[in-house]
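Read the figures in this text as sums done on the coordinates, not as results from a lab. Quick caveat: nothing in here was measured; it's all calculated off a predicted structure. Don't worry about glycine lacking a Cβ; one is built from the backbone with ideal geometry, like all the others, and counts go over all protein chains shown.
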Amino acid sequence: QVQLQESGPGLVKFSATLSLTCTVSGGSLNNNEWLSWVRQSPGKGLEWIGEGHYSGTTNYNPSLKSRVTTSVDKSNNQFSLNLRSVTAADTAMYYCARGSDYVWDLWGPGIVVTVSS
Amino acid sequence: QSALTQPASVSASPGQSITISCTGTSSDVGSYNLVSWYQQHPGKALKLMIYDVSNRPSGVSNRFSGSKSGNTASLTVSGLQAEDEADYYCCSYTTNSIYVFGTGTKVTVL
């Protein structure tokens, strides 16, 4: 049974880069599946950050595009997120999700990231 | 892209039915039949309940159903059970090629 698990530092300093990893275990992604990052904060609710595919193709939310980079490491079954120049507004629960055909059918438990000053 | 509008809370007694609305615009809900619904229990991962407006994934109770009219999608839960108490979020693909979520609805089983 495929599972997703987010990992990374729970505390990131203001203006630094937030780096998270999503590890896929119990199986691999199919060719038609994508991995997305979604975050949830009290102030802004759920927000789609972006997605990546094994092929290297990525898509990002325009509101974050200038600060976001994602990549898929097929050999290690990992999906990474780098969010640059973070502020307090980036404090949130970050989720990794598996999707295809515009739907996410599997989610990780999430990881809380706090931006400190 | 603004969040889709959902009622903040909905409550009903066990056995009753509830309907949660999800109102967007002609650029999201109204453009595609790509509305999905997710359930979130406190401290738990999100769970897909409905996709493509009205399709139910395998394993999801048939008490959950979805529909859409114009720019508003709806999730109906019939025969409400205690385990249905959770937060529910709608999500739609948009003409800007991004995904937008709803504001979320807290369902309380009285």
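Averaging the sequence gap over all C-alpha pairs within less than 8 Å and six or more residues apart, then dividing by the number of residues, gives the stretch A:46-117 a relative contact order of 20 percent. Place a point 7 Å from Cα of A:K74 in the direction of its Cβ. Which residues in the stretch A:16-46 have their backbone N less than 19 Å from it? Of the residues in the stretch A:16-46, A:22-36 have backbone N under 19 Å from the label point off A:K74.
In a shell of Cβ-Cβ distance under 12 Å around A:R39, excluding A:R39 itself, what net charge do Lys and Arg (+1) and Asp and Glu (-1) give? If you can, show how the numbers build up before the last one.
On the way: positive: A:K44; negative: A:E6, A:E47, A:D90.
Summing Lys and Arg as +1 and Asp and Glu as -1 gives -2.
From a point 7 Å beyond the Cα of B:Y32 in the direction of its Cβ, which residues of the stretch A:1-31 have a backbone N at a distance under 20 Å? Counting backbone N atoms under 20 Å from the label point, the list is A:30-31. Computed on the stretch A:1-99, with alpha-carbon pairs under 8 angstrom and 6+ residues apart, the relative contact order is 35 percent. Counted by Cβ distance under 11 Å from A:W107, the other residues give a net charge of +1, where Lys and Arg count +1 and Asp and Glu count -1. For a paramagnetic label modelled on B:D52 (point 7 Å from Cα along Cα→Cβ), amide N atoms under 20 Å away belong, within the stretch B:11-32, to B:28-32.
Express in nm, to one decimal, how much length is gained between B:N62 and B:E83 on full extension, taking 0.36 nm for each residue of separation and deducting their alpha carbon distance.
Values: separation 21, 0.36 × 21 = 7.56 nm, distance 1.43 nm.
Here the answer is 6.1 nm.
The base-10 log of I(q)/I(0) for the stretch B:17-67, evaluated at q = 0.18, 0.24, 0.26 Å⁻¹, reads -0.64, -1.00, -1.09 [Debye formula, identical scatterers on Cα atoms, solvent excluded]. Between the stretch A:72-92 and the stretch A:10-67, the alpha-carbon centres lie 6 Å apart.
Let me have the relative contact order for chain B, percent, based on Cα pairs under 8 Å that are six or more residues apart. Value for chain B: 38 percent.
Under a straight-distance cross-link criterion of Cα-Cα below 21 Å, which lysines are reachable from B:K106, leaving out those fewer than 8 residues away in the same chain? List returned: A:K44, B:K44, B:K47, B:K68. If you take all other residues with their beta carbon under 11 Å from the beta carbon of B:K106, and give Lys and Arg +1 and Asp and Glu -1, the sum is -2.
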